Amino acid sequence: MRDVNIALIGGGFMGKAHSLAYAAMPMFFWPAPARPIRKVVVDATDELARTAADRYGWERHSSSWQEIVEDPTIDVVDIATPNHLHAEIAIAAANAGKHVICEKPLAPTVDEARLMLEAVERAGVVNAVAFNYRRTPAVVLARKYIENGEIGDILNFRGTYLQDWSADPNSPLSWRFQKKIAGSGAIGDIGSHVVDLARYLVGEIAEVNSVVSTWIKERPLQSGGFDSLGTAKVSSGPRGTVDVDDEAVTLVRFTNGAVGSLEATRNAWGRNNFLTFEIHGTRGSLVFNYERRDELQVAFADDPADRRGFRTVYTGPATPYGEALWPIPALGIGYGETKIIEAYELMKAVETGERIRPDFADGYQAALVDEAIATSGATHEWVKVEPVQTRAHAQR
């Protein structure tokens with residue numbers, strides 16, 4: 001087992017998740033394909049970087065990602081920054097010969113996402129985009145059922161991602177509400193996860209027809225550099241303009257003939273992390289709710305008439321990744337385990353040189369879908385989604 005030196009760019013919420021994953025991965029997946037070494041963490045200031053290094057167990061810290069990207073001892077650059085910084089860092093890292101993993105959405109615009117994809121393909125480095133929800137064992141099990149033909153030909157996909165952390169108009173103007181930083185609102189932030197699950201489970205999206213809404217037009221200005229993600233409330237003081245979407249509701253047609261719908265909102269009171277899908281096929285149906293992430297609901301057409309209906313399959317040792325996680329079905333996994341699985345797949349790709357999925361091609365294709373959703377919301381028309389045309393054509 002060789003050591004792989006990681007540089008983490010961004011020590012905030014996602015930096016915490018990635019740090020935990022690198023530390024814990026060899027405890028779950030043993031022997032690990034490679035040992036991730038938390039070599040250096042980078043943040044906007046020395047003070048923030050030092051705090052992240054101390055808290056998350058990194059050997060050293062820096063406030064210059066440019067210097068770290070050029071460091072010959074670094075093998076992997078992990079990008080967990082606000083969206084507008086993704087492209088510059090990823091392209092520089094690829095040009096320096098580093099493997100790259102980047103948080104989603106891949107970039108604020110499709111043009112930047114395309115440049116990122118071109119850079120990693122030109123450099124021939126391992127690249128991954130952190131759509132970690134597809135790593136959930138129950139989701140991987142759903143794909144197994146689909147690939148084995150157990151629900152027949154897919155007719156319909158219904159996906160939602162509903163949250164309420166920004167439903168209060170007094171929650172601060174996070175960078176996630178600013179187009180120049182985030183690129184879009186609910187569409188790219190959480191809707192991109194639904195798009196990724198749709199592509200992973202059903203196939204490519206051919207066209208969309210969307211309604212896109214911004215419910216809260218202004219928010220209190222945020223003090224300090226910490227992104228509070230709706231946990232803080234400010235009832236007075238200056239306010240800034242929200243110029244991204246709060247909600248998107250989308251009809252979709254898939255290239256294989258299936259139809260469906262996607263919903264994403266951060267203004268749904270009572271919904272914490274309601275990421276769901278329901279898939280109907282000619283021989284059965286599948287239902288998943290991330291808030292009950294150890295469970296997959298299944299119903300098959302050939303069930304006896306007196307037993308027809310949904311039943312629960314619990315993930316455990318006999319299901320995907322189960323041999324490495326917990327020994328009893330439904331003992332319970334959390335968000336952290338999906339990132340641990342992500343770290344495992346990344347280390348495996350770095351060690352073998354094989355393509356990891358989802359990669360930058362997947363991230364670019366998701367960006368094309370996101371752009372089509374936004375365009376349709378503005379034009380009120382069906383908008384076609386162009387397929388990725390690169391050396392590594394996007395595929396499920």
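Some notes on this structure:
- The lone exception for Leu286 - which of (1) at pLDDT 95 or above; (2) out of contact with any strand residue (DSSP E or B) (no Cβ under 9 Å at 6 or more places or on another chain); (3) within 17 Å of Leu141 (Cβ to Cβ) it fails: (2)
- Meets criteria (open to solvent by less than 20 Å² (accessible area, probe 1.4 Å) and either among the charged types (D, E, K, R) or within 26 Å of Tyr364 (Cα to Cα) (or both)) for Asn83: yes
Quick grid of which residues meet (1) of a type outside the set (D, E, K, R); (2) over 16 Å from Ser210 (Cβ atoms); (3) open to solvent by less than 60 Å² (accessible area, probe 1.4 Å):
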site: Ala349; (1), (2), (3): yes, yes, yes
site: Asp359; (1), (2), (3): no, yes, yes
site: Ala367; (1), (2), (3): yes, no, yes
site: Ser376; (1), (2), (3): yes, no, yes
site: Pro387; (1), (2), (3): yes, yes, no
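- Any hit, the range 334-355, residues being more than 15 Å from Phe29 (Cα to Cα) and of a type in the set (Lys, Arg): yes
- Lone unmet requirement of (1) acidic (Asp, Glu); (2) open to solvent by 10 Å² or more (accessible area, probe 1.4 Å); (3) not in a loop (DSSP other than H, G, I, E, B) for Asp164: (3)
- As a summary of the residue check, Ala107 satisfies the conditions (1) surrounded by 21 or more Cβ atoms within 10 Å (Cβ to Cβ); (2) assigned to a helix (DSSP H, G or I) except for the one numbered (2).
- Tally, over the range 38-59, of residues that are of a type outside the set (Lys, Arg) and touching a helix residue (DSSP H, G or I) at 6+ places or on another chain (Cβ under 8 Å): 9
- Test for Arg292: is it open to solvent by 60 Å² or more (accessible area, probe 1.4 Å), of a type in the set (D, E, K, R) and modelled with pLDDT under 95: no
- Of residues in the range 151-168 being touching a Lys or Arg at 6+ places or on another chain (Cβ under 7 Å) and not aliphatic (A, V, I, L, M), the one farthest from Glu204 (Cα to Cα): Asp168
- Unmet criterion (only one of (1) more than 20 Å from the chain's Cα centre (by Cα); (2) part of a helix (DSSP H, G or I)) for Leu173: (2)
- Extreme residue, surrounded by the fewest Cβ atoms within 10 Å (Cβ to Cβ), among residues of the range 295-314 that are in contact (Cβ under 8 Å) with a residue 12 or more places away in the chain and either touching a Cys at 6+ places or on another chain (Cβ under 7 Å) or of a type in the set (A, V, I, L, M) (or both): Ala301
- Residues (surrounded by fewer than 19 Cβ atoms within 10 Å (Cβ to Cβ), of a type outside the set (Lys, Arg) and over 15 Å from Thr255 (Cα atoms)) located in the range 205-218: Val211, Ser213, Thr214, Trp215, Ile216, Glu218
- Asn95 vs. criteria modelled with pLDDT of 95 or more and either closer than 27 Å to Gly203 by Cβ or of a type in the set (Phe, Trp, Tyr) (or both): no
- Residue selected from the range 51-78 under the condition charged (D, E, K, R) and farther than 16 Å from Ser19 by Cβ, by the criterion least open to solvent (accessible area, probe 1.4 Å): Asp71
- Hits in the range 1-27 - residues which are within 15 Å of Ile340 (Cα to Cα) and open to solvent by 40 Å² or more (accessible area, probe 1.4 Å): Lys16, Leu20, Met27
- Whenever a residue of the range 248-277 is farther than 14 Å from Val369 by Cα, it has no partner that is assigned to a strand (DSSP E or B) and modelled with pLDDT under 95 lying with C-beta atoms less than 6 angstrom away and at least six residues away or across chains.
- Flag for Val202 being open to solvent by less than 20 Å² (accessible area, probe 1.4 Å), of a type outside the set (S, T, N, Q), at pLDDT 95 or above and closer than 30 Å to Asp153 by Cβ: yes
- Residues within the range 250-260 that are surrounded by fewer than 18 Cβ atoms within 10 Å (Cβ to Cβ) and at negative phi, tallied: 5
- Within the range 128-161, being part of a loop (DSSP other than H, G, I, E, B) and either in contact (Cβ under 8 Å) with a residue 60 or more places away in the chain or of a type in the set (A, V, I, L, M, F, W, C) (or both) holds for Ala130, Phe131, Thr136, Gly149, Glu150, Ile151, Gly152, Asp153.
- Selection within the range 162-180 - without any contact (Cβ under 8 Å) to a residue 60 or more places away in the chain and either within 19 Å of Arg357 (Cα to Cα) or polar (S, T, N, Q) (or both): Ser174
The values are calculated or read from the model by the stated rules, or taken from the named source; none is laboratory data. Everything numeric here is computed off the predicted structure, so don't read it as measured data. Cβ: placed from backbone, ideal geometry, glycine included. Neighbour counts: every protein chain shown. In case anyone asks, the SASA skips ligands and DNA or RNA and just uses the protein heavy atoms, side chains included. Shrake-Rupley method; radii C 1.70, N 1.55, O 1.52, S 1.80 Å.
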